[in-house]
1. State, to one decimal in nm, how far the label point of E122 lies from the label point of H166, with both points 7 Å from Cα in the Cβ direction.
2. Lys and Arg at +1, Asp and Glu at -1: add these up for the other residues within a Cβ distance under 12 Å of D158 and post the number.
3. Could you give the accessible area per residue of segment 93-141, probe 1.4 Å, as a whole number in Å²?
4. From the backbone phi of segment 147-153, what are the Karplus-calculated ³J(HN,Hα) couplings (6.51 cos²θ - 1.76 cosθ + 1.60, θ = phi - 60°) in whole Hz, Gly and Pro given as x?
5. Within a Cβ distance under 13 Å of A222, other residues only, what is the Lys/Arg minus Asp/Glu net charge?
6. Report the local net charge at Q57: Lys and Arg +1, Asp and Glu -1, summed over other residues whose C-beta lies under 10 Å from its C-beta.
Amino acid sequence: MSSDYYSRMEQGRQANVSRSVLDALAKALRLTEVERQHLHTLASPSPRRRSPIAVEQHADPGLLRMMTVIDHVPALILASRGEVLATNALLAAVLGDVRPGSSLMRYLFFEPLARERIVNWEHFAASSISALRGELGRHPDDHRLIALIDELRSRDLDAARWWEDHSVQDYASAAKQILHPDVGTLSFDIETMTSTRNADQVLIVYTAQPDSDTTRKLPFLASWSMANTTTT
């Protein structure tokens, strides 16, 4: 690859860059798999990108059924732009006021409880900003997504700083540690499942290691949450 060809590609002046060239560039730059996919998305002609996201989205029925089956761990269904479409009782018990119709991104950056409960808030929030950059690559004409990014950058200095890093991750890139006021520290790994009918929706599951302290605490937290819901 000549320096002139690379320069034209970097400036967006080189049309129809082959997948093999992009893969070679990704390998040379030591990109992660998520970053490699992002590079392919940016290099694709705009007609090949995804269609605009619906203004109002509803949780995919298949993902809802899966979330019901795994009600012993916290889970939520997330749409593009970080919109919360559905949660289970344990998710609300762990994170607090995260409910369907809310924005996970606004919760992370504008809700003080998020910084209190998420021990590794800085790492998780930075990863979420990187995930938004990936969403923007797939939906560059989504005006609501652009408005959300502008809001985060204008209202939060951390969000503005992390956006300038130009990193790209997915929502599953960061583990999460929670300091819960009733059960203490909870440690989760994040697993995801994407809908086959709607690639813009993802089921996010908070998993814990078998026989871990977190696994032993979850049944108590579930019963506490159920009792609290019954009495309110």
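The values are calculated or read from the model by the stated rules, or taken from the named source; none is laboratory data. The structure presented is a predicted model; accordingly, all values stated were derived computationally and were not measured. Please note: Cβ atoms are built from the backbone with ideal geometry, for glycine as well, and neighbour counts cover all protein chains shown. SASA here: full protein model, heavy atoms, side chains in, ligands and nucleic acids out. Shrake-Rupley method; radii C 1.70, N 1.55, O 1.52, S 1.80 Å.
1. So the label points at E122 and H166 sit 2.4 nm apart.
2. On the way: positive: R115, R153, R155, R161; negative: E122, D156, E164, D165.
Spelling it out: positives minus negatives among the neighbours equals 0.
3. Working: 1880 Å² over 49 residues.
Per residue, segment 93-141 has 38 Å² of solvent-accessible surface.
4. These are the phi-based 3J(HN,Hα) values: 5, 5, 4, 4, 5, 4, 5 Hz.
5. Values: positive: R216, K217; negative: D71, D182.
Here the count lands on 0.
6. On the way: positive: R81; negative: E56, D60, E83, D200.
Net charge in that neighbourhood comes out at -3.
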